[in-house]
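*Asks:* Let me give you the structure first, and then I'll get to my questions.
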Amino acid sequence: MPLATGHSGSTPTEKEDRLQLETFELENVVIYTPLLIKAIDWTRLSTLTILHCEEHESLWRALRRNYSPSESSRQGSETLGQDAYPFKLKHLHTDRVSTYLMLFLKEAIAPNTLESIYLQEGRSYTTVVSIEAIYKHVLRRHRGSLRKVLLDRSRRGETVSINHGHWRDWMLPREALAFVTSGKMPQLRELGIGMDRRDWHFFLQRLPRLANLRALYLPNMFDPTLGRNKHRELALQILDIITLRPEIQLCYIGIEHKCFEILETPVNDKMDRELYRDSPWYSETDSDDVDDHTNGPDSESISGEDDNDGDDDDDFHTNPHVILELDEDTDEDSE
């Protein structure tokens, strides 16, 4: 990279001499903010990823200072248009969530412009940002534009209990969960959040309001009342809602380390084994049982009840739904 010279005179200072990047990703580096600010035309950047990087707070401070709307544009107007915000960031992924990041998002990014945000926490960093701040400055502020959201403070391999675990600090409170499931985020397609187990049925009741959601991820659902097959039990409960409300377009479910895919099976084809012959889950040794006809090696299927006994109503042709448990690469927590 030509920026790594030791002469200050070679550092680009004019806007036309800066790197015209739309995507910028940093990982496992120490950020030198003065160089980055001068080297990149940040007004063109739309995707930013910062993972395991030191000195990240200085970058957010500098970006906020240089790219927040000017004082003159703020005077005489309570709400600013998008043109008043030079930074057009649409996609952000970081595992270093700091107070300066929240201030940057609040003051330098126009409302309802952020499309995807992935906020996590690495092992070597402990955030002080509360879920209430994320709810206020991210979810509410960009409710009209957000398509993909991941809020995950869990750490792989940590001991988890009902009262212990980093993931608990970012569980959505009831107010925030009610907002996310209110239908006020019409662009939302992928959602990864943590919630208190006591809010689970509240979430299920409001799931039909997320009819456009395609993927749901629950980083941690600790519930001592569930058995060893808790992932399957929770997936079945979601399946029941989808079967009753076919307008829901949810296709993929992730619960901790388990992944499921939801398929719509036409009733008239349910007994046709040829329908799944090309599927990676298909096996010639499958039994003739209706509910097991999609099973393959190392996979598990869950199907809803089939109540279509001679009823010709067309609505039944989108049911029942089938959940396929996707194969895992590891043997962790194998059942």
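Every read-out reported here was derived from the displayed coordinates using simple, explicitly stated rules and does not represent laboratory data. Keep in mind it's a predicted model, so treat the numbers as computed, not measured. Positions of Cβ are generated from backbone atoms using ideal geometry, with glycine treated the same way; all protein chains shown enter the neighbour counts.
*Asks:* Residue-wise, which Karplus ³J(HN,Hα) couplings in Hz belong to the range 21-35, taking 6.51 cos²θ - 1.76 cosθ + 1.60, θ = phi - 60°, and x for glycine or proline?
*Replies:* Listing the rounded values in order: 9, 9, 10, 9, 10, 10, 8, 6, 9, 9, 6, 9, 4, x, 5 Hz.
*Asks:* Hey, another quick one. For the range 196-265, which GluC sites (Glu not before Pro) are both in a DSSP coil and crowded by at most 13 other Cβ atoms within 10 Å?
*Replies:* Details: sites: E233, E247, E256, E261, E264; in loops: E247, E256.
Hits after loop and neighbour filter: E247.
*Asks:* Starting with the fewest neighbours, write out D152, D83, D17 ranked by other beta-carbon atoms found within 10 Å of each beta-carbon. Mind showing how you got there, number by number?
*Replies:* On the way: D152 20, D83 9, D17 12.
The most exposed by this proxy come first: D83, D17, D152.
*Asks:* Next question. If each residue of separation counts as 0.36 nm, what is the full-extension length gain between R44 and S70 once their alpha-carbon separation is subtracted? Please report the intermediate quantities before stating the final value.
*Replies:* Numbers: separation 26, 0.36 × 26 = 9.36 nm, distance 1.83 nm.
Using 0.36 nm per residue and subtracting the Cα-Cα distance, I get 7.5 nm.
*Asks:* Let me ask another. Give the long-range amide H neighbours of L26: residues separated by 5 or more places, or on another chain, with amide H under 5 Å away, using H modelled in the peptide plane at 1.01 Å from N.
*Replies:* Hits under the 5 Å cutoff: T49, I50, L51.
*Asks:* Still on this structure, I have one more. Which one, S98, F87, A62, projects farthest toward the positive side of the charge dipole computed for the range 49-144 from Cβ point charges (K/R +1, D/E -1)?
*Replies:* Of S98, F87, A62, it is F87.
*Asks:* I need D95, D196 ordered by Cβ neighbour count within 10 Å, fewest first. It would help to have the intermediate numbers written out before the result.
*Replies:* Values: D95 22, D196 18.
With the sparsest Cβ surroundings first, the list reads D196, D95.
*Asks:* Please order I238, I40 by the number of other Cβ within 10 Å, starting at the fewest. Write down the numbers at each step before the final one.
*Replies:* On the way: I238 23, I40 17.
So the residues, fewest neighbours to most, are I40, I238.
*Asks:* Under the Karplus relation 6.51 cos²θ - 1.76 cosθ + 1.60, θ = phi - 60°, what is the ordered set of whole-Hz ³J(HN,Hα) values for the range 243-258, x standing for Gly and Pro?
*Replies:* Taking θ as phi minus 60°, the curve returns 5, 6, 10, x, 6, 5, 9, 4, 10, 10, 10, x, 10, 6, 9, 9 Hz for the range 243-258.
*Asks:* Karplus couplings for the range 188-201 from phi (6.51 cos²θ - 1.76 cosθ + 1.60, θ = phi - 60°), rounded to Hz, Gly and Pro as x?
*Replies:* 3J(HN,Hα) across the range 188-201, in whole Hz: 5, 10, 10, 9, x, 9, x, 8, 5, 4, 6, 9, 4, 6.
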